[in-house]
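Read-outs: derived from the displayed coordinates by stated rules, not from any lab. Keep in mind the model is a prediction, meaning the values are calculated, not measured. Cβ: placed from backbone, ideal geometry, glycine included. Neighbour counts: every protein chain shown.
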Amino acid sequence: MQPRGRKPFVEIDEDTYAALKWAQELLDQDIVLILTRGKESQRRLNVVCRRFFRKCGGALFSFCYPTRKSERCEIFSANGHDHIGDCVDISIQKNGEKLSFLPLSVFTPLWYISRIEEKHADTLSEVRNALDKAGLRVHLNRVEALQIHCERVKNIKPYCA
């Protein structure tokens with residue numbers, strides 16, 4: 001597991017990290033989990049900027065997709081990333097290639113999301129099953145699920161037997 005992009009690290013709690021390691025061990029060797037987001041910085045400027053951009057993004061999303069307004073809060077909230085570090089977003093690398101599930105980020109239309117889900121059904125299913133066995137639950141919203149946003153279930157200890 002490795003952080004994505006420019007960040008040298010992603011902040012998460014120890015049990016969540018152990019759960020991710022466990023999930024990685026359950027996967028075929030050709031699939032690598034990439035940790036892309038954990039706990040967000042609580043520095044005042046960062047919090048204010050994120051809130052501003054979430055409000056703007058949510059308004060734009062509602063304008064572009066008026067029939068999907070019910071998803072706005074799920075997609076444009078902190079979704080637990082502002083808490084203790086037990087919520088994470090993950091990317092997948094398969095056979096050395098990073099898979100891109102949301103080419104237009106959260107603005108990817110549902111018809112295209114359906115294509116992506118169909119094309120990568122086996123890989124997504126394998127990753128979700130491994131995460132589930134390791135005590136990480138993937139978000140129910142389809143956009144959040146393709147960002148592989150998951151939260152650690154507190155009563156499952158993430159250690160292999």
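Summary of values
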{"read-out": "Cross-link pairs Lys98/Lys133; Lys69/Lys98; Lys98/Lys154 - those with Cα-Cα distance over 28 Å", "value": "Lys69/Lys98; Lys98/Lys154"}
{"read-out": "Projected label distance in nm at Lys69 and Lys119, using a 7 Å step from Cα toward the beta-carbon", "value": "3.2 nm"}
